[in-house]
Every structure is written in structure tokens, then in C-alpha cells.
Amino acid sequence: MVQLTDEILSEHYSHLSSKPFFQRVKNSMMAAPVIVCCLEGVDAIQVVHALAGPTNGRAATPGTIRGDYSMSYQENIVHTSDSPETAATELNRFFKPEEIFEYKQASFDFIYACDEY
């Protein structure tokens, strides 16, 4: 759990800096601590996107995070990386190098076929 700062969010949302809602997005993200996660697995980006649901919570299917907990386009409860490159950038932004490490996940043998990972 981390408390995001204006500095980190200005960097994270720099692509929105010219939008009229830029400060509102940052204020929302600073309103309370957030949980940051680093997830790994086969097709992890696509799987996490599917679990999150579409950005607009009103259009999200029940059973997705946004479908169950969001009714807004902006206040959409969860952020997901959209590519391996974006994920790498965001992991560097939100985690210290020593907080992410490689290890053999024991569960992989039970959730994937041996030729999937």
C-alpha cells in the first residue's frame, strides 16, 4: 500500500496534462492510499485487463472489478498496464528495484500445463 504523490501522478498521467480533468484525476488518486501490484503469468496483461473490465464502469460486465465496484469512466477503481513496455515503466515508477525479484512460482505447475510457461 502506498500514498501516491502529486509528483508521481504528474509523471504517471503526463499524457493527460493538457486535459481539463488532469488535476481532478490526480486528486482522486491521492485521496486515499492505493494497493500497487506486480503480477506475472502467461498473458498476464490480457488476463488482468479482462479481470478489470472496460474503463467505463457502467459498461463493465458484472464479475469484473469495474463491473462490481465502479459506476464511472474516471473513477474506475483500478489501473492496468496496457503493454509489456508500459508495465516495465510503471513497475519502475511504483516499486524500488529490491521490491521485485525473480523466483520459481510453485503454483505454476498446478495452474499451467508444463509447456505453457
Qualifying trypsin sites (Lys or Arg not before Pro) in region 65-105, DSSP loop, other Cβ atoms within 10 Å at most 12: 104
Mind sorting out which of [x] 16, 52, 30, 2; [y] 12, 34, 24, 15, 8, 5, 1; [z] 12, 35, 38, 12, 3 is the real P(r) over Cα pairs in 10 Å bins from 0, in percent computed from the coordinates? [z]
Could you give the angle, 0 to 90 degrees to the nearest 10, between helix 84-94's Cα long axis and the longest principal axis of the Cα atoms of the chain? 70
Below 9 angstrom from the Cβ of residue 60, what's the summed charge of the other residues (Lys, Arg +1; Asp, Glu -1)? +1
Burial order of peptide ranges 31-44, 71-84 (average beta-carbon count within 10 Å, highest first): 71-84, 31-44
Looking only at 46, 105, 23, which one moves most when the chain is put into a Gaussian network model with springs between Cα atoms under 10 Å? 105
Cβ-Cβ cut-off under 15 Å around residue 3, Lys and Arg +1, Asp and Glu -1: the net charge is 0
Based on DSSP H runs of at least 4 residues, each adding -39500 (n - 2.57), what is the mean residue ellipticity at 222 nm of the chain after dividing by all its residues, to the nearest 500 deg cm²/dmol? -10000 deg cm²/dmol
Just to confirm a number: summing +1 for Lys and Arg and -1 for Asp and Glu over residues other than residue 30 whose beta-carbon lies under 14 angstrom from that of residue 30, what do you get? -2
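Each reported figure results from applying straightforward, stated rules to the coordinates on display, with no laboratory input. None of these values were measured; they are calculated from a predicted model. Ideal geometry is used to build each Cβ from the backbone, glycine not excepted, and the neighbour counts take in all protein chains shown.
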